[in-house]
Amino acid sequence: MASNWIKDALFYEIYPISYKDSNGDGLGDLKGIIEKLDYVKDLGFNAIWLNPFYKSTFKDGGYDVVDFFKVDRRFGSMKDFENLLKKAHSLDIKIIIDLIPGHTSEEHPLFLESAKPERNEYSDMFIWNANIWDYERPYILISGRHPRNGSFMVNYFSHQPALNYGFNRITHPNWQLHYTDSRTFKARQLMKDIMKFWMKKGVDGFRVDMADSLVKNDEEKEATIEVWQDIIGEVKKEYPDVVLVSEWAYPKKALKAGFTSDFVLDHRDNFTHYLARSTMQTEGLSVLDGGDQKRFINNVMDWVNQAKEQNGYISMISGNHDCPRIATMNEGDKLRIFYMMLFTLPGVPFVYYGDEIGMKHRNLHSKDGGYQRTGDRTPMQWNNSKNRGFSTTDGELYLPVDEEECNVEDQLKDKNSLLNYIKEMIKVRKHYSSLSNNNIRFEDRDDKILVYERDDLYVIVNLSNHDLPVDTTNLVIASSNDAIQNGKLKPTSSIILRK
């Protein structure tokens, strides 16, 4: 059963090191985020997803955690985090934080204990094979960095050792433990402790990184679902309103596992990608470029029906810290259509910081293990002052700002800006309760006109190359001031109508 507050949630994702520098060291921090909470509130968002701020080696942007219970000094102190929660809650803004359940940093104290040559209580907390000289396909095993006679399995990068939730299918009985073996329960308990610790601090939930990666050799994810049901079930006994949003991209399984909502990630087999991110070089044009609408509609309905079946939600994203910014691929009217659909399709929407002003991808060298993702993690651009208002430093910034790019201050002054359009769309979303449920019906059309019904509303998207006659008597909002001319919806425009 989904937690009650999420159905009306509108999330804003903040990458802490890139949002606002409060002390002039060139790095964003928690106090900087506190400074900008009124801005988030003014936009209309009532929830924030905060990317990792834990103590880390930052070889993967903070997703390589050294201590799950401490704030990294680059972001501030635990008191700063508590103040952030207090200020956010005073503004009726919920906060969810990242939970990284599948791995730790290679420098995590518990991993270093497991890496010792003598057996101890943590030897089985991470996945190790039995001999340093064994190379056992298809597993990614790292050898030769620790005194233990064995190689450790990674969850992705070589510096991210996999926590041991066990295996569903045993192929190497000399070192693999079944997921029901009590020796694998330490990893579960660690997650329960982490979640309860931060819930006690006052967080409202978690976005769960690589949520389907726990149990190995678990192709259908039955065991991983069972493990999550145990973890989430225990936490919900104490905190029944906890919201958990999964990075899984398979709502039928994620919601069955106990998650509240599942992300529609930028994968090449789902409707977010079909709508605005696919290209001619891969799997055909995006819908916004005239691509296959039926494929898009069928996938929307598949996801929505899975959510209905499990009494949960899906979450479409404008983008996030792992994928190219939406404005890099869609500009002008196409970008406005995208946001109208983001806020009117079923599910709980997420907007990545900077997307509201149209920030774009930049080609930059890798920083903190970002690789190509680095160019989508650049500092927020607040105004036209030094460092675009991100920092007062005269020294080096975390990443460079784009001196030719957009900024918040200018767009707030421009009533026709993307920022102000998104603010209006959020008002529409909040006003019509039908936009918070999972009901949707698409009209069956073959003319590049996309029409869908949300109970008391119609959304009409003209992706053809000709004007579309429309009755605007019950117009709610249009994607631009000139979208309707002489009673016709121009190409590459969209509107919402009341029934």
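Readers should treat all values here as calculations from the given coordinates under stated rules, not as data from a laboratory. This structure is a prediction, so every number in the text was calculated from the model and none was measured. So basically every Cβ, Gly included, is an ideal-geometry build from the backbone, and we count neighbours across all protein chains shown.
For the chain, the longest principal axis of the Cα atoms and the long axis of helix 418-431 meet at an angle of about 90 degrees.
Estimated from helices alone, the mean residue ellipticity of the chain at 222 nm is -8000 deg cm²/dmol (sum of -39500 (n - 2.57) over DSSP H runs with n ≥ 4, per residue). Rg/Rh for the stretch 215-316 (Cα atoms only, Rh after Kirkwood) is 1.07. Taking amide H as placed 1.01 Å from N in the peptide plane, the amide H of SER493 sits under 5 Å from that of ASN462, each at least 5 places away or on another chain.
May I ask which of LYS7/LYS55; LYS41/LYS334; LYS201/LYS256; LYS59/LYS334 have a Cα-Cα span longer than 29 Å here?
Pairs exceeding 29 Å: LYS7/LYS55; LYS59/LYS334.
Under the simplified labelling scheme, the SER90-ASN465 pair shows an inter-label distance of 5.8 nm, with each label point 7 Å from Cα along Cα→Cβ. For the listed residue pairs LYS253/LYS367; LYS70/LYS200; LYS430/LYS490; LYS360/LYS386; LYS86/LYS186, the alpha carbons are over 23 angstrom apart in LYS253/LYS367; LYS430/LYS490; LYS86/LYS186.
Highest mean first, how do 477-484, 12-19 rank when packing is the count of other Cβ atoms within 10 Å averaged over residues? Write down the numbers at each step before the final one.
Details: 477-484: 18.2, 12-19: 23.9.
Output ranking for 477-484, 12-19: 12-19, 477-484.
The long axis of helix 185-201 is offset from the longest Cα principal axis of the chain by roughly 50 degrees.
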